[in-house]
Amino acid sequence: MRADAVRNREKVFDEARRAVRGGEITLTLNELARRAGVGVGTVYRVFPTQRAMLERVLEGAVRELIDVAEEAEGRADPASALVDFLGTALAAALARPGLIDVLISGSDETESLRRAKGELVAAVSRLLGLVRPAPALTGENLLKLLCGLVHAVGEHPAERRSAAADSYLALLSGGLAPNSGPPAPIRLSGD
């Protein structure tokens, strides 16, 4: 690849990363080309779609979560390690616009992200297997719960988000207590 083509690809990726970090997760590829100072064709060679751009930019954050989950597996207290992982994952999701959308999507455009998400689910499932919460959860289900936490925390005013995140994590971690028997039935009003 020519040196100018490599520089242009780097400019496109750097500008995409800057935009996504700034919360512009729906940035059009035409606007990305304008900001990067390259032709639209160059952008489409780097990112065939806007979704592929988002996935490629956020794949590194998914891989960081894999590392955190795998490190947590080796800790002496798996329950504490799981709570720490959830805290780290929640903080990452709140800090990285679009990460939750990428994590919960069932239709990934990039194969490398699909593999990374599979690795993350497997690592979280192994960590859950060490804790054995009641009722049992899969890594995929726990990540979906995390997505709900991100949404709930985001509904609070900015100055209360940290306290809300702590409260929701405490609630979730209380529900991840090791399995000590069948869970009590939940009664819904009107039953």
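The values are calculated or read from the model by the stated rules, or taken from the named source; none is laboratory data. A quick note: this is a predicted structure, and the numbers were derived from the prediction, not measured. FYI the Cβ positions are ideal-geometry reconstructions off the backbone, even for glycines, and counts take in every protein chain you see.
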Of the criteria (1) at pLDDT 90 or above; (2) buried (at least 18 other Cβ atoms within 10 Å of the Cβ), which one Ser112 fails: (2)
Which is β-branched (Val, Ile, Thr), out of contact with any Ser or Thr (no Cβ under 9 Å at 6 or more places or on another chain) and crowded, with 21+ Cβ neighbours inside 10 Å, of Val40, Val57? Val57
Need at least 1 residues that are outside the structural domain of Arg132 (by TED's automatic domain parsing) per element, so show me which helices (runs of 4 or more DSSP H) inside region 9-121 make the cut, counting only ones lying wholly within it. 29-36, 40-46, 50-73
Residue set Ala91, Ala123; condition crowded, with 20+ Cβ neighbours inside 10 Å, among the small types (Gly, Ala, Ser) and at pLDDT 90 or above; output residue Ala123
